[in-house]
Amino acid sequence: TPGNMTDALAAVAADAVTAAGDYLAARFEAGLDADYTATDVKTAADHEAERRVIERVRAAYPDHPITAEESGHHDGDGQYRWVVDALDGTNNFAAGVPTFGSVATAVDEAGPATTAVHVPVLDDLYVATRDGGVTHNGTEVAATDGDSVPLSHATVGTLIGPDVIHSEARMDEFDAVADSVETECKRVIRCWAPVVYFGLLARGRLDGFVCFHPPEREQVAGDLLAREAGCVERTAGALTVFGRDEDLTERLWTAAVDAL
């Protein structure tokens, strides 16, 4: 049945990202093997963590295609395609900042079906399944679990993709969006490890999220975590806004759209 299938996918996703996360935790103190470019940074840990995720997904579902950040597309003709970012937050990892995670998401024609995020230094494991909710370390959570503060006291995460980083015009647009949103709330976080913060949103530690031209590997995971945690969503084109309630979402959406 669909429920049994997504549960099985979720178990594989959780096992895969935990294996990668355990490796990353062990490597964290030695995470200075970084290769910096003009716009990005990579480490040997990115590739080794990804290998561990792919190995476990392939062992369970050898026919499923995989899209991985480092190694690209792996062919398959199965019903689900896996989207993998085995080290989300490489810049943090390389700099010695403990905010990074590993994520694997299974998607089908209807969108993301299940995702798992492991944040190794905090030992946080988030698992979301379509129509099945979100768990944090095995306990069901929701976006309304945190303090229900007014928007003026709210903390909002942001996510942008390479299309923004590599385009001066789009970066100017995003800066305007972030500035406009910040006039409405207490703090805007420009996330360098977005899946970690989507996990926090899913259990009420953040109040909203603004996504602008997001990359698939982070957005499919974030979308499922936010939706299954009960967030309200507004989206049009390259802009998506999530919030813990209708009023907060509408006000964030208005601020973002007005800036554009």
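Taking strands (runs of 3 or more DSSP E) that do not extend beyond the stretch 35-106, which have at least 2 residues that are at pLDDT 95 or above, surrounded by 21 or more Cβ atoms within 10 Å (Cβ to Cβ) and not charged (D, E, K, R)?
Correct list: 66-68, 81-88.
If a residue has to be free of Cβ contacts under 8 Å to residues at least 40 places away in the same chain and surrounded by 13 or more Cβ atoms within 10 Å (Cβ to Cβ) to count, how many in the stretch 141-171 make the cut? Quick ask: steps written out before the conclusion?
Step one: list which residues in the stretch 141-171 are free of Cβ contacts under 8 Å to residues at least 40 places away in the same chain, which gives 150, 152-153, 167-169, 171.
Those left that are additionally surrounded by 13 or more Cβ atoms within 10 Å (Cβ to Cβ): 167, 171.
The qualifying residues number 2.
Keeping to the stretch 98-121, report how many residues are aliphatic (A, V, I, L, M) and free of Cβ contacts under 8 Å to residues at least 60 places away in the same chain.
Qualifying residue count, the stretch 98-121: 1.
Is at least one residue of the stretch 113-134 surrounded by fewer than 16 Cβ atoms within 10 Å (Cβ to Cβ), at pLDDT 95 or above and part of a helix (DSSP H, G or I)?
no
For the stretch 172-260, give me every one of the strands (runs of 3 or more DSSP E) that falls completely inside it and has 2 or more residues that are open to solvent by 40 Å² or more (accessible area, probe 1.4 Å) and touching a residue at least 24 places away in the same chain (Cβ under 8 Å).
Per the criteria, 187-190.
The values are calculated or read from the model by the stated rules, or taken from the named source; none is laboratory data. Only a predicted model underlies this, so the values are computations on that prediction, with no experimental measurement involved. As a convention, Cβ positions derive from the backbone with ideal geometry for all residues, glycine included, and neighbour counts pool all protein chains shown. Surface accessibility is based on the protein's heavy atoms, side chains included, excluding ligands, DNA and RNA. Shrake-Rupley method; radii C 1.70, N 1.55, O 1.52, S 1.80 Å.
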